[in-house]
1. Size of the dipole of chain A about the Cα centre, Lys and Arg at +1 and Asp and Glu at -1 on the beta carbon, nothing else charged, in debye to 20?
2. Starting from a Cα-only point model with no solvent, please compute log10 I(q)/I(0) by Debye for region A:666-793 at q = 0.13, 0.14, 0.17, 0.20 1/Å.
3. Solvent-accessible area of residue A:59, probe 1.4 Å, all protein chains present, reported in Å² to the nearest ten, please.
4. Give me log10 I(q)/I(0) at q = 0.11, 0.13, 0.23, 0.26 Å⁻¹ for region A:374-460, Debye formula, one equal scatterer per alpha-carbon, no solvent.
5. Order A:47-53, A:137-143 from most to least packed using the mean count of other Cβ atoms within 10 Å.
6. Rounded to the nearest 10 Å², what accessible area does residue A:217 show when all protein chains are kept and the probe is 1.4 Å?
7. Take the solvent-accessible surface of the protein heavy atoms, probe 1.4 Å, and return the percent of it on region A:799-859 that carbon and sulfur atoms account for.
8. Once the other residues with Cβ under 12 Å from the Cβ of residue A:813 are scored (Lys, Arg +1; Asp, Glu -1), what is the net sum?
Amino acid sequence: MTNAYEPRAIEAKWQDRWEAQGTFRAANPGDPGFDPQAPKYYVLDMFPYPSGAGLHVGHPMGYIGSDVVTRRKRAEGFNVLHPMGYDAFGLPAEQYAIQTGQHPAQTTAANIATYRRQLKLVGLSYDWERELTTSDPAYYRWTQWIFARLYDRGLAYQAEVPVWWCEALKTVLSNEEVINGRSERGDHPCERRPLKQWMLKITAYADRLLDDLDLVDWPESVKTMQREWIGRSEGAEIDFEVDGLEDQRLTVFTTRPDTLFGATFMVVAPEHPLVRQLTTDAQRAAVEGYVEAASSKSDLERTDLAKEKSGVFTGSFAVNPAFEAGDERGKIPIWVADYVLISYGSGAIMAVPGQDQRDWDFAEQYGLSIVRTVQPTPNFEGKAFTGNGPAINSGFLDGMGVADAKAAMIAHLERSGLGRSKVNYRLRDWLFSRQRYWGEPFPVLHRADGSHLRVPDAELPVELPEMVDFAPPDDGSPPLSKAVDWVRATDPATGQTVTRDTDTMPGWAGSCWYYLRFMDPHNASAPFSKEAANYWGNVDLYVGGTEHAVLHLLYARFWHKVLFDEGLVPTKEPFQQLFNQGMLTAFAYKDGTGRLVSGDEVEFKGDVAVHRETGEALEQVVAKMSKSLKNVVNPDDVCEQYGVDTFRLYEMFMGPLADSKPWNPRDVPGCRRFLDKLWRLLIDGNTDQPVRPHLAAAAVGEPQGAAADLERSLARALKRVDDSFKAFNFNTAIAALMTFVNDAGKASDALRRDQAERLVQALAPFAPHLAEELWERLGHTESLARAPWPTYDPKWLIESEVEFAVQVNGKLRGTVVAAKDLDQAALAELAVAAAGKHLEGKNIVKTIVVPGRLVNFVAK
RNA sequence: GGGGUAGUGGCGAAAUCGGUAGACGCAGCGGCCUUAAAAGCCGCAGUCCCCUGGGACGUGUGGGUUCGAGUCCCACCUACCCCA
């Protein structure tokens, strides 16, 4: 046994032992060692997409934070489920594969190996026997199975929808992959094109997705983002008859039916199906040119308030149903303009310039009439008035407030059959297919007559065919269509030849339910057993970045609710508490020309960063870690140089877990020094004793003298450690432990064995390897992973003497040490003396005493 | 344009309720130990001013409430995020 702190040796020893002894294995009901008395706790990290670059020090921050919680919960006696896996299907692997010719299955496997090695290096206490990979057929078999449930419930359907098509890349791209009408990769032009796609009817769950946000303990900001994304708005659907189109009506959604009398024109989106019929011959050339130009613009470009509006008159007129038949005011022109989106509402609007700024701008630009139908407030100086006020110029609505006028107009429209109240959502159905190779195949067969049926459950998984050339074909068909033998299949009902669906699911699919598979990861007859789902319930704590605040969390909630309706899960919501860790940034350095200087060329002269070779002073900036900024820090290097425990400790010591903060390599050694100091506190490096002799045996009775002082210090530290779990500000926990170790270092002979043990236990979540080693040296033969969480007697927190601040008119003028409960008169007397000359020549008007804190004299 | 979050020493940060701003750590300075260095230990350390003791200022800026404001209110500036 060596007696110096050698982190790498200790860390390897304990990681091996944890693995060999299955220390972090979570027992399911029925498993050996399952304790029905123990409460359960499920801590989940958002699992990573394994990219080729491996992990940088920012990735494990949330993982370490959740591991700290996990280890404490285990010590508190919970049966903790804490698993990890890989979100392994998706576009980047496929793009890389097309470029390099390597199969995505190979690169994905290599990337996962790197991730696994790095995650294990950091000593995260996952139950590795539950590890899963979404691209594994044993996993995606059940992703397809869940899709089949959606299909059977009518929640999956195929539809022609406008999607971004990139001709150069021969593929459909998602909205996120198209910037200003050009592809993010390669900067190729893209256009909107209607294509047949799989859609999931998430809109059928819109209200539940909205309402059930009240059931979960999530950051308000994330709930707000989800509410805005769902975008529920109440209003009315109104039908407009069109001159010369007897059999068609133009239907719009509006949140302001009360303003119908002010609807002076209509606007349809360029993609609106009636555009062709609405356009008169005289206007046809102009309209067709406009529609063509609009197809390459992004939604953001089209709807930006600051941008100038554009549009073209169709030549047709609609009839505003607010007016009596034949009233000339009710004949309003229909325009095509791209500030109206086909994807929102019905793709057509009634334009009310008096109460809508975008409509006002458009009306001004094209000389269309503007009628106010809500009386603006007296000093109103703007153009469109969106506030509340009495209706004007509105016939039977005149004088009513906005809310009453809405109700009255809806009632009026319902009587005439030209409108009805309607709830509209910004949320669209989920475009669920990709014309790509590296994803889950749809378990669907197509018959010659155009109908489709799903593959029977017993025949799942529909495995991806082995393909050498999976690049998208030139004609725009999906890569899987080239796997001719695979495409040909047999109809299980009729025995006739049918074809397989050749789309694949998007990257989001596998992550929609992975938290459920973790509950029962090896089940070969179901995605997870009912017993497992009932026992583990939902995820108690879900830790990840804000970048998933909307899409992943919304999609997973949707699938969860479908599974709830299937009776497969017992909870309405998948993730009870959500925590977003902050982003880890890093310093980057620029020279005088603004060029970035690589981290290894920077050295410090005192506080100033200078170029190692030229000596030039460099400007320090804070930025996200990225290759291009040359500021990526690799966890392998940090662990190699300082040890894993130092790495973990520093990540938690930097600041609150929720904050974004910069990695400062100069701060890391301080955390190592603390661990060295703590080691020396318990171990004499000059002997071969496992611990210092006075720690070998238990102390008897109450701590006295210096040991009592240490007990007070320890109690304060343990309280602060406990408190840090409320807001995940583990930096304060570590600071408290540092303070205790400093105190104990000054009276090391007085430190009692029970105090040393509690110190080690409290440290364990942050520096688990060192803590295990010290625990063993203190004579324990069992891992401390399930040793009880340390406690203290609250009486040690009570202080009899405290320092009171003495203020005169709110300014600090001295201090007084006195009994905490000294009566106010006696305390004031002491305080007057302490204030001394600051009270000379003044009358004390008032004396304010805050018990245990301060005395403030108001004096003139 | 609307909404959210944040702004505290040279740096990361702390301050649970409106009550001694800067705990803890980094970097820095001084000392001890050492032949020397490293490590360790002890001490100093917001800024400015007379430098004995102290005084003035100080939590992005400007106001306000209060005996007392980093903390509460109003306006503004800056950064990041979300929505349009």
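The values are calculated or read from the model by the stated rules, or taken from the named source; none is laboratory data. Remember, predicted model here, so these are calculated numbers, not experimental data. Don't worry about glycine lacking a Cβ; one is built from the backbone with ideal geometry, like all the others, and counts go over all protein chains shown. Ligands, DNA and RNA are stripped out before the accessible areas are found, and what is left, the full protein with its side chains, is counted by its heavy atoms. Shrake-Rupley method; radii C 1.70, N 1.55, O 1.52, S 1.80 Å.
1. So the dipole magnitude of chain A works out to roughly 1720 debye.
2. Taking Cα atoms of region A:666-793 as identical point scatterers yields -0.50, -0.58, -0.88, -1.26.
3. 70
4. Listed by q, the Debye log ratios stand at -0.62, -0.67, -1.17, -1.23.
5. Values: A:47-53: 18.4, A:137-143: 20.1.
Ranked from most to least packed, the peptides come out as A:137-143, A:47-53.
6. Answer for residue A:217: close to 90 Å² accessible.
7. Values: 1880 of 3810 Å².
Of the solvent-accessible surface of region A:799-859, carbon and sulfur hold 49 percent.
8. Working: positive: A:811, A:837, A:842; negative: A:840.
The answer is +2.
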